[in-house]
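Enquirer: I am attaching a structure below and will ask some questions about it afterwards.
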Amino acid sequence: MSFHPIEQAPGRLNRSELAVPGSQPKMFEKAANSDVDVIFLDLEDAVAPDEKEGARKNIIAALNDIDWGNKTMSVRINGLDTHYMYRDVIEVVEQAGGRLDLIMIPKVGTAADVYALDMLVTQIEAAKGYSKRIGFEHIIETALGMQNVHEIAGASRRNESLHFGVADYAASTRARTTIIGGVNPHYAVLTDPEEDGSRATHWGDMWHYALARMVVAARANGLRPIDGPFGDFQDADGYRAAARRAAVLGCEGKWAIHPSQIALANEVMSPSEADITKARRILEAMAEAEAAGKGAVSLDGRLIDYASIRQAEVLVEKARQIAG
Ligand code: GLV
Ligand code: MG
């Protein structure tokens, strides 16, 4: 290990994160009663300009009045380049900061963006005498944000998670996309011809580099990497495939832009029973080896290295959180 310590963000369950427009209060109760881990009430792109003020009021009332149970509650504010942002932060944190866990910051571009928000939130918390520190979730969804992702990730002790905002990222980088978070058949390799001249096309994942880069920045700073939206909510298999790719790279959650995607995210982002059992056996084997004063740990006749033990610890902790 490096001598540099990595402080881990609070260990919240973040397998699924539901987007709920602040302008649609009729959706709030259903969200509160769902199985989602995190809800973000949106003031940004799902809300039209002439609805921004009303949405802010709805969100403040909902945070104070609805029983959200043990869900983690977040509000997506407008971008720092808009004139809505300062009131989003001041009004929501002043009037509903007691129930707010996180603020989601869209289109974050530089560490200074994070610094500015940290200053504002710190002042409001101090003035209101809040004892709980509100965390930040950042959407990495511009070329600038991706270029500065590492500095952004380390810019505040409030930081908890980085989210890959694939829709805006595509717009910012001018990537050619078909559906939000989906694949493009033109991002493919053509195999060399077989003897009979036939060639196969293998589709690739055009988001691999961006997501992998964000995962590294998040993990190097103790944050949760979360995959963003998948636009076609009729396509459960497409969603599962995208979520699995993200999970394989290290993401621990994915957005749901429709309630039907919550169960899919929870399913893919939860460890399987077999994985949990194996992880528990690894930890038991380690405890037995330690008790017996043995340096090497083995299970089923195979040596277990310390990387596997650390993975097992993470997995067992996740299972404990899910169990509640
Ligand atoms: C999310 O905000 C996205 O742009 O994908
Ligand atoms: Mg976006």
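Enquirer: Take Met146 and tell me if it is hydrophobic (A, V, I, L, M, F, W, C), within 15 Å of ligand 2 (Cβ to nearest atom) and in contact with a helix residue (DSSP H, G or I) (Cβ under 9 Å, 6 or more places away or on another chain).
Expert: Considered against the rule, which asks whether it is hydrophobic (A, V, I, L, M, F, W, C), within 15 Å of ligand 2 (Cβ to nearest atom) and in contact with a helix residue (DSSP H, G or I) (Cβ under 9 Å, 6 or more places away or on another chain), Met146 comes out as yes.
Enquirer: Continuing with this model, one more query. Taking the stretch 22-47, which residues are crowded, with 20+ Cβ neighbours inside 10 Å, touching a residue at least 60 places away in the same chain (Cβ under 8 Å) and within 16 Å of ligand 2 (Cβ to nearest atom)?
Expert: Hits for the stretch 22-47 are Phe40, Glu44.
Enquirer: Sticking with this structure for a sec: Of (1) surrounded by 17 or more Cβ atoms within 10 Å (Cβ to Cβ); (2) acidic (Asp, Glu); (3) away from ligand 2 (no atom under 16 Å from the Cβ), Glu194 satisfies all except one. Which?
Expert: Result: Glu194 passes all but (1).
Enquirer: Take the residues of the stretch 113-131 that are out of contact with any helix residue (DSSP H, G or I) (no Cβ under 9 Å at 6 or more places or on another chain) and touching a residue at least 40 places away in the same chain (Cβ under 8 Å): which is surrounded by the fewest Cβ atoms within 10 Å (Cβ to Cβ)?
Expert: Once the filter is applied, the top-ranked residue is Tyr115.
Enquirer: Read through the list (1) out of contact with any strand residue (DSSP E or B) (no Cβ under 6 Å at 6 or more places or on another chain); (2) surrounded by fewer than 16 Cβ atoms within 10 Å (Cβ to Cβ), then give the number of the only condition that Ala247 fails.
Expert: Looking at each condition in turn, Ala247 falls short on (2).
Enquirer: Now for a separate question. Name the single residue that is surrounded by the most Cβ atoms within 10 Å (Cβ to Cβ) among those in the stretch 74-99 being within 18 Å of Ala46 (Cβ to Cβ) and either of a type in the set (Gly, Ala, Ser) or at pLDDT below 95 (or both).
Expert: So the residue we want is Ser74.
Enquirer: Could you please give the count of residues in the stretch 23-50 that are under 30 Å from Gly324 (Cβ atoms) and in a helix (DSSP H, G or I)?
Expert: So the count comes out to 8.
To keep it simple, each residue is scored yes or no on (1) assigned to a helix (DSSP H, G or I); (2) farther than 29 Å from Glu137 by Cα.
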| position | (1), (2) |
| --- | --- |
| Val248 | yes, no |
| Ala279 | yes, yes |
| Glu284 | yes, yes |
| Gly295 | no, yes |
| Arg310 | yes, no |
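Enquirer: If you take the residues in the stretch 1-21 that are open to solvent by less than 60 Å² (accessible area, probe 1.4 Å) and of a type outside the set (Gly, Ala, Ser), which one is farthest from Ala218 (Cα to Cα)? Walk me through it before giving the result.
Expert: So the first thing to find is which residues in the stretch 1-21 are open to solvent by less than 60 Å² (accessible area, probe 1.4 Å), and the list is 9, 12-21.
The next check asks that each one be of a type outside the set (Gly, Ala, Ser); those that pass are 12-15, 17-18, 20-21.
Details: Arg12: 15, Leu13: 16, Asn14: 14, Arg15: 16, Glu17: 17, Leu18: 20, Val20: 25, Pro21: 26 Å.
Once the filter is applied, the top-ranked residue is Pro21.
Enquirer: Please work out if Leu283 is surrounded by 12 or more Cβ atoms within 10 Å (Cβ to Cβ) and modelled with pLDDT of 95 or more.
Expert: Working: surrounded by 12 or more Cβ atoms within 10 Å (Cβ to Cβ): yes; modelled with pLDDT of 95 or more: no.
Considered against the rule, which asks whether it is surrounded by 12 or more Cβ atoms within 10 Å (Cβ to Cβ) and modelled with pLDDT of 95 or more, Leu283 comes out as no.
Enquirer: Something else about it: Taking interchain pairs and intrachain pairs at least six residues apart, which have beta carbon atoms under 7 angstrom, with the first residue in the stretch 283-307 and closer than 24 Å to Ala319 by Cα and the second part of a strand (DSSP E or B) and open to solvent by 80 Å² or more (accessible area, probe 1.4 Å)?
Expert: Note: no pairs meet the criteria.
Enquirer: Return the residues of the stretch 89-111 that are closer than 15 Å to Gln123 by Cβ and within 16 Å of ligand 2 (Cβ to nearest atom); say none if nothing qualifies.
Expert: Ile103
Enquirer: Okay, next question. How many of the residues in the stretch 155-188 are small (Gly, Ala, Ser), in contact (Cβ under 8 Å) with a residue 60 or more places away in the chain and assigned to a loop (DSSP other than H, G, I, E, B)?
Expert: Number of matching residues: 3.
Enquirer: Could we say that Ala9 is touching a residue at least 12 places away in the same chain (Cβ under 8 Å) and assigned to a helix (DSSP H, G or I) here?
Expert: no
The values are calculated or read from the model by the stated rules, or taken from the named source; none is laboratory data. Just so we're clear, the structure is a prediction, and the values are computed from it rather than from any experiment. All Cβ positions, even for glycine, are placed from backbone atoms using ideal geometry, and neighbour counts span all protein chains on display. Areas reflect the complete protein model, heavy atoms only, side chains present, ligands, DNA and RNA absent. Shrake-Rupley method; radii C 1.70, N 1.55, O 1.52, S 1.80 Å.
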